[in-house]
Structures are given as structure tokens and as C-alpha cells.
Amino acid sequence: MRLLLTSAGITNQSIRDALVDLLGKPVAEAHALCIPTAGYGSSFGPVGPWRFLRGADLGWKSVGVLELTALPSIDRERWVQWVRAADVLLVNGGDTLYLSHWMRESGLADLLPSLPETVYVGISAGSLVLTPRVVRDLDDWMPPTGDDRTLGLVDFSIFPHLNHPELPENTMAAAESWAAEIGGPAYAIDDATAVKVAGGAVDVVSEGNWKLFTPAP
């Protein structure tokens, strides 16, 4: 897949330009599929998914919604067809471990590696779910396995919402402590930043602040 891993979505022209570059065509010619699932595992409740869906239309040719918790009750061939037909998957934020659980449980996690031309746009938890693991907070949803590992489709971790005014705990110092606990390469990114992954190359697209942490040898 081609990845655009963001903290808060398509928040500026640089990130939008990166999206268009990954798509290889204008947004108006692309079909999008929105995945709101992570929001239902969050303490914010149903307001989060609604805000995500309301803001998801960037002028796409078409927009659909794929709720992962519903997929086990739907014929697999039907929903796989929907996913393969989409040019871009827009994956909402919320609870990362809840999203990781339902990506596996639904079968979407197994399908993602077979979508080389699809663009995956993650927002917060939608980005973190592709990393190797997260540092679990006490308020997070706990998977039945008790495991904090996520999908590991990329080999780096992400600390989102750096220096966000409504998240005073998300300081650079906090990101440094988090990166030390994670123990692998990790990006701290603010809401004006995204990590772009295509063809094996990893690039940062930013109109804000970010930092790459690399573990000591």
C-alpha cells in the first residue's frame, strides 16, 4: 500500500499535495472508503465518528463507509470487492488497540498487504495501528489477548498531536520518554505533519513541527 500517516488528517496544502501524489490523479477522480471503527472504542463516544464522516469529503468522486465490526456478518466476497474498488481508505482516529483488534477480527488486516495501488490515509489511531506497538494508557480499550502489539506494517512508531493546545501532556519531553519506552525508530508529529510511505521510501511532509527519534546502537 501507499501510506499517508497523519495526526489529524488532511490539514494543509502540503499534506493534500502528498495525497494527490500518492493517488496519481486528482481527488475529484478518486473513490474513497471511510473506516470510522476506532472512534467507537474511544471515551469520546459516537461524536467522534460523526465528526470524522462529516469532514471526510475532500471532493472525492464517491465516498463510502466501511464499519469493521459489521464485516463478520457480511459475505466476505462482497466487502472485499468494496475495498478493492476504493482508491483510498480513510481510517479514523480513536482507540488504537480497538481498531487493531477489529482489523484482525474482520479480516481487513490480512487484506491490506494485497492492495499495492491503494492509498491508506490514517488519522491518529488510524496511523498508529500500522506501527509495531503502542504504549497503552490505562483508559485504553483492552483487547482480549491483553497485547499492546498492533499490525506492524511499518517498522516505526508515531507519537501524534505533538504540542496540541488541548493535550498539554503531549510535549516534546513526553515524546522523548515515550520513544525510549517504544525502543525503535519513532516520529513525533503535530497536526500539520504527515509521514508518507511509498515504494519503500519514508518521507515527512510538514508545515509544522516533528522529530525523528532513533534508538541508541
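The values are calculated or read from the model by the stated rules, or taken from the named source; none is laboratory data. Bear in mind the structure is a predicted one, so any value in this text is a computation, not a measurement. Note: ideal-geometry Cβ built from the backbone for every residue, glycine included; neighbour counts use all protein chains shown. The accessibility values were calculated without ligands, DNA or RNA, using every heavy atom of the protein model including side chains. Shrake-Rupley method; radii C 1.70, N 1.55, O 1.52, S 1.80 Å.
Quick one: count up the residues across segment 165-191 that are closer than 24 Å to Asp17 by Cα and in contact with a Phe, Trp or Tyr (Cβ under 9 Å, 6 or more places away or on another chain).
Within segment 165-191, the first condition is being closer than 24 Å to Asp17 by Cα, and the residues that meet it are 186-191.
In the following step, the residues that additionally are in contact with a Phe, Trp or Tyr (Cβ under 9 Å, 6 or more places away or on another chain) were identified as 186-190.
Residues that pass the stated criteria total 5.
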Pairs where the first residue, in segment 8-23, is at positive phi and the second is among the hydroxyl-bearing types (Ser, Thr, Tyr) and at pLDDT 95 or above, C-beta under 8 Å, 6+ apart: none
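From the list Leu162, Leu153, Leu212, pick out the single residue that is open to solvent by 40 Å² or more (accessible area, probe 1.4 Å), assigned to a loop (DSSP other than H, G, I, E, B) and at pLDDT 95 or above.
On the way: Leu162 fails: open to solvent by 40 Å² or more (accessible area, probe 1.4 Å); Leu212 fails: assigned to a loop (DSSP other than H, G, I, E, B).
Within the list Leu162, Leu153, Leu212, the selection yields Leu153.
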Residues that are open to solvent by less than 40 Å² (accessible area, probe 1.4 Å) and not aromatic (Phe, Trp, Tyr), drawn from segment 36-58: Pro36, Thr37, Ala38, Gly39, Gly41, Ser42, Gly45, Gly48, Pro49, Ala56
Read through the list (1) in a loop (DSSP other than H, G, I, E, B); (2) open to solvent by 20 Å² or more (accessible area, probe 1.4 Å); (3) in contact with a helix residue (DSSP H, G or I) (Cβ under 9 Å, 6 or more places away or on another chain); (4) among the aliphatic types (A, V, I, L, M), then give the number of the only condition that Val205 fails. (1)
Determine whether segment 58-74 contains at least one residue that is of a type in the set (D, E, K, R) and either free of Cβ contacts under 8 Å to residues at least 40 places away in the same chain or not in a loop (DSSP other than H, G, I, E, B) (or both). yes
